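Q: Quick one: the structure is below, questions incoming.
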Amino acid sequence: MAYTSHTSSYYAASANNKVDRPALQGAHETDVCVIGAGYTGISTALFLLEHGFRVTVLEAAKVGFGASGRNGGQIVNSYSRDIDVIERTLGAEQARMLGEMAFEGARIIRERVAKYQIQCDLKDGGVFAAVTDKQMSHLEGQKKLWERYGHTQMQLLDAKAIREVVNTDLYVGGSLDMSGGHIHPLNLVLGEADAVESLGGVIHEQSRVTRVDQGAKAVVHTEQGQVTADFVVVAGNAYIGDLMPQLSAKSMPCGTQVITTEPLGEELAKSLLPQDYCVEDCNYLLDYYRLSADKRMIFGGGVVYGARDPADVEALVRPNLIKTFPQLKDVKIDYAWTGNFLLTLSRLPQVGRLGSNIYYSQGCSGHGVTYTHLAGKILSEAIRGQAERFDAFATLPHYPFPGGRMLRVPFTAMGALYYSLRDKLGW
Ligand SMILES: Cc1cc2nc3c(=O)[nH]c(=O)nc-3n(C[C@H](O)[C@H](O)[C@H](O)COP(=O)(O)OP(=O)(O)OC[C@H]3O[C@@H](n4cnc5c(N)ncnc54)[C@H](O)[C@@H]3O)c2cc1C
């Protein structure tokens, strides 16, 4: 089998460790076999190990190869869809349960970083930036909504206040969430993987799962081995391909792109983001950016529906960087890469069970750093027999994209064009 390495990102270049874990060989048994070593898989494995389960993780490429090792590093609370939509469509009780969990992922990350001493450049403070007055009204509404669910830490920023945290003319205001923040995403998942192994968990890299035989005990196959397990957790998200056609039917992989500048130096970096918060704007096709520990600007944006890799990532993203910070017009871009997240039509995650013992969570539709950590907890609770919080997600209704597999990409791109036009016109 061909060796698959990390994408050539800034994160891979600055990873804390570059160990290679052996591929699965031969037949093995365990309590839980996890497919995929991103945040969802590794977080689930860690919670289960903390409760005494034996766990084997099978990863097609490298720990953090997928979105978890190449994302914007922004710890964004809540989901990719506001709770009021859940209130309107599913009722107050389900909204209450999901609303209460909306900030738990960030807490889990901080607890993990502290407990396992993970070096991942964790910084507090995340800003949502409003480009239009309509977006500012939305943030005001969101603050009230979050407060109804007991999350009172969001602070509104007027035009002057946002200028003090982001040195650009683009925004009319924003909001600040100090329970948000940012991390080196690959080093987070690598640190969590080390924690898995420190508790006796087993991780095999270069071990793509090719088939899962369902049964009272499931058998998970790779090219060179197999694992028999009481439970399986499917955590392949946008990189899963056709392993589980049931999971691909109602979701769509999408690419988003990130560029990283050369180091800017302390002074220039501080002049752009004086408090070192991370920022995302409120546009439908959003820009997200932050400083790295060595003071580079890490700037992401753009979406390619259907997850085709764009030929020139820098050409795609650089204009947005320069529009936001004209001060960087001559800056050199050291790294540019693309990664896939999984979109669902509702923009809410898909969680559930196939048969009695195969669990999955996927499709957090963009904001996944915190949700995937929560997902690990609720999946592990369900496997331990406490399914109340799992069921709050598992009962969310999900629908296929219009146009089916053939036409979902152009139809969704047309929808996105419509929404981004509305952002531009301020409707
Ligand atoms: C460029 C980019 C920027 C983003 N920025 C942010 C951000 O700033 N903030 C935020 O909250 N979210 C962000 N996201 C989303 C977030 O990164 C994801 O939601 C999250 O990392 C998903 O984690 P995961 O573990 O479910 O999937 P992944 O991290 O994609 O992991 C899935 C893993 O499963 C493996 N796999 C797949 N199939 C198999 C198989 N058959 N056998 C074995 N292994 C398999 C893959 O190799 C992969 O390693 C971003 C996403 C991208 C792509």
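Q: Can you name the number of the only condition in (1) in contact with a His (Cβ under 8 Å, 6 or more places away or on another chain); (2) over 30 Å from ILE358 (Cα atoms); (3) away from the ligand (no atom under 11 Å from the Cβ) that CYS278 fails?
A: (3)
Q: Something else about it: Return the residues of segment 17-37 that are surrounded by 15 or more Cβ atoms within 10 Å (Cβ to Cβ) and part of a loop (DSSP other than H, G, I, E, B); say none if nothing qualifies.
A: ARG21, ALA23, LEU24, GLY36, ALA37
Q: Would you say SER179 is assigned to a strand (DSSP E or B) and either under 30 Å from TYR289 (Cβ atoms) or in contact with a Ser or Thr (Cβ under 7 Å, 6 or more places away or on another chain) (or both)? Walk me through it before giving the result.
A: Values: assigned to a strand (DSSP E or B): yes; either under 30 Å from TYR289 (Cβ atoms) or in contact with a Ser or Thr (Cβ under 7 Å, 6 or more places away or on another chain) (or both): yes.
Against the criterion (assigned to a strand (DSSP E or B) and either under 30 Å from TYR289 (Cβ atoms) or in contact with a Ser or Thr (Cβ under 7 Å, 6 or more places away or on another chain) (or both)), SER179 qualifies.
Q: Taking the stated definitions as given, is ASN283 within 13 Å of the ligand (Cβ to nearest atom) and crowded, with 18+ Cβ neighbours inside 10 Å? So that I can check it myself, show each step before the final result.
A: Details: within 13 Å of the ligand (Cβ to nearest atom): no; crowded, with 18+ Cβ neighbours inside 10 Å: yes.
For ASN283, the condition - within 13 Å of the ligand (Cβ to nearest atom) and crowded, with 18+ Cβ neighbours inside 10 Å - is not met.
Q: Test SER365 against the criterion of being assigned by TED's automatic domain parsing to the domain that holds VAL227 and either at pLDDT 95 or above or away from the ligand (no atom under 16 Å from the Cβ) (or both), and give yes or no. Before you say what the answer is, go through the steps one by one.
A: Details: assigned by TED's automatic domain parsing to the domain that holds VAL227: yes; either at pLDDT 95 or above or away from the ligand (no atom under 16 Å from the Cβ) (or both): no.
Taking the combined requirement at face value, the residue does not satisfy it.
Q: Since THR228 meets every condition but one in (1) crowded, with 18+ Cβ neighbours inside 10 Å; (2) in the same structural domain as ALA216 (by TED's automatic domain parsing), which condition does it not meet?
A: (1) is the only condition that THR228 fails.
The values are calculated or read from the model by the stated rules, or taken from the named source; none is laboratory data. This one's a predicted model, so the numbers in the text were calculated from it and none came from an experiment. Cβ sites come from the backbone with ideal geometry, for glycine too, and all protein chains shown count toward neighbours.
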